[in-house]
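A.B. asks: Right, I'll just put the structure down here and ask away after.
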Amino acid sequence: MTAGSRVLVVGADGSIGAAVATRLEAAGIVVVRTSRRGTAGSEPLDLTAAAATWRLPPDLSAAVLCAAVTSTEACRNHPDEARRVNVEATVELGRRLAAAGSRLVFLSTNMVFDGSVPHVAAAAARRPRTAYGRMKAEAEEALLAIDGATTVVRLTKVVTGSLPILVGWRDALRRGEAIRPLSDLVMAPVSLNLAATVISAAARERLGAILQVSARADVSYADVARRLADRWGFPADRVAPATAAEAGVRLEHLPAYTTLDASIVRDRLGIESPDPWAAIEEAA
């Protein structure tokens, strides 16, 4: 892709979409941003609206599909509404863009797998155990069927300082309250910078059908909370880990592992899977 090429970033008002758009613009790419909320500087595009109302810009080299219902709770509690966005509208949008000559970059998740083994290969069979994972798996399959047009980028947990659970922990600790992070829930955290770097590279040139971005190991939410409490200067005894059952937290699935095999990213971009604490320190 040459400077001056046009890339559509769908959902550019989200944290990942905004970071991807910024990196593409820094590389001389013309970015067309969309937003369902009418954000200034963005074109309107609402995936909950009828497809007949969409107005897609012409002459696009690629499109990055970031918009989605990403709350696992919302997908579980309102599956029909979430599926209309995460599967039906996303696939229809992808087909229209591909028909007009655009390559597609679709953001997906480690939750297309069941978490029973670590470092799952990109070509492994999908085995989702959550509503959100099932939706992403279905959309992946449909978009990859558009021959040669799609790159799926699967991400493990992208951690930023504005991640709601981190904000909630810090606010509670500041109030002098104890927090109860889960000891049996794990993540393989990656930074927003790493995620955006890989996604923007995939938008500039096709690097393969499926790319996976992952930390090299899992860490528990309890260990993350301990590390952050220490980093923020709060007493260790304010962190009181609990299992999901002890905390009364209802989860669809507790995966044993969330890591993905990111060897394709290493081979194509020279980026090794980072230590899981790198993203946590960056977010702190």
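A.B. asks: Roughly what angle does helix 164-174 make with the longest principal axis of the chain, taking Cα atoms, 0 to 90 degrees, to the nearest 10?
C.D. replies: 30
A.B. asks: Another question, then. To the nearest 10 degrees, how steeply does helix 15-26 sit against the main Cα axis of the chain, on a 0 to 90 scale?
C.D. replies: Taking the Cα atoms of the chain, the angle to 15-26 is about 50 degrees.
A.B. asks: Now for a different question. Would you kindly derive the ³J(HN,Hα) couplings of the stretch 208-217 from the backbone phi angles with the Karplus curve 6.51 cos²θ - 1.76 cosθ + 1.60 (θ = phi - 60°), listing them in order in whole Hz, with x for Gly and Pro?
C.D. replies: x, 6, 9, 10, 10, 10, 7, 5, 7, 8
A.B. asks: Restricting attention to the stretch 203-284, which GluC sites (Glu not before Pro) occupy a DSSP loop and are surrounded by at most 12 other Cβ atoms within 10 Å?
C.D. replies: 205, 272
A.B. asks: Show the residues, 5+ positions off or on another chain, whose built amide H is closer than 5 Å to the amide H of residue 104.
C.D. replies: For residue 104, whose amide H was placed from the backbone, the distant partners under 5 Å are 63, 150, 151.
A.B. asks: In whole angstrom, note down how far apart the Cα centers of the stretch 243-273 and the stretch 142-161 are.
C.D. replies: Between the Cα centres of the stretch 243-273 and the stretch 142-161 lies a distance of 15 Å.
A.B. asks: Go ahead and set up a Gaussian network model of the chain, Cα springs under 10 Å, then flag whichever of 81, 43, 25 fluctuates most.
C.D. replies: In the Gaussian network model the winner is 81.
A.B. asks: Once you keep just the Cα pairs under 8 angstrom separated by 6 or more residues, what percentage relative contact order results for the chain?
C.D. replies: 19
A.B. asks: Which residue, 223, 80, 261, has the most motion in a Gaussian network model of the chain that connects Cα atoms within less than 10 Å?
C.D. replies: In the Gaussian network model the winner is 80.
A.B. asks: Can you list the equivalent-ellipsoid semi-axes of the stretch 59-172, largest first and in whole Å, using the square root of 5 times each Cα gyration tensor eigenvalue?
C.D. replies: 26, 17, 15
A.B. asks: If you scale each eigenvalue of the Cα gyration tensor by 5 and take the root, what three semi-axes come out for the stretch 1-105, rounded to whole angstrom and sorted largest first?
C.D. replies: 24, 15, 12
A.B. asks: Length gain on complete extension for the stretch residue 77 to residue 124, per 0.36 nm per residue less the alpha carbon to alpha carbon distance?
C.D. replies: 14.1 nm
A.B. asks: Could you size up the charge dipole of the chain around its Cα centre, putting +1 on the beta carbon of Lys and Arg and -1 on that of Asp and Glu, and report it in debye to the nearest 20?
C.D. replies: Once rounded to the nearest 20, the dipole reads 300 debye.
A.B. asks: Let me ask another. Using packing as a proxy for protection, rank 62-69, 112-119, 34-41 so that the peptide with the highest average count of other Cβ atoms within 10 Å comes first.
C.D. replies: The densest-packed peptide leads the list: 62-69, 112-119, 34-41.
A.B. asks: Still on this structure, I have one more. Would you kindly state how much longer the chain becomes between residue 50 and residue 141 on full extension, computed as 0.36 nm times their sequence separation minus their alpha carbon distance, in nm to one decimal?
C.D. replies: Using 0.36 nm per residue and subtracting the Cα-Cα distance, I get 30.5 nm.
A.B. asks: What does the charge dipole of the stretch 1-82 about its Cα centre add up to, to the nearest 20 debye, if the Cβ of each Lys and Arg holds +1 and the Cβ of each Asp and Glu holds -1?
C.D. replies: 180
A.B. asks: What FRET efficiency would be calculated for the residue pair residue 178, residue 15, taking the C-beta separation as r and a Förster radius of 30 Å, to the nearest 0.05?
C.D. replies: 0.55
A.B. asks: So how tilted is helix 90-99 from the main axis of the chain? Cα-based, degrees 0 to 90, rounded to 10.
C.D. replies: In the chain, helix 90-99 runs at an angle near 30 degrees to the longest axis.
A.B. asks: Taking H as built 1.01 Å from N, whose amide H comes closer than 5 Å to the amide H of residue 31, not counting residues under 5 places away?
C.D. replies: 7
Laboratory data are not the source of any read-out in this text; all were calculated from the coordinates shown. The structure presented is a predicted model; accordingly, all values stated were derived computationally and were not measured. Counting neighbours? That spans all protein chains shown, and the Cβs are built from the backbone with ideal geometry, glycine included.
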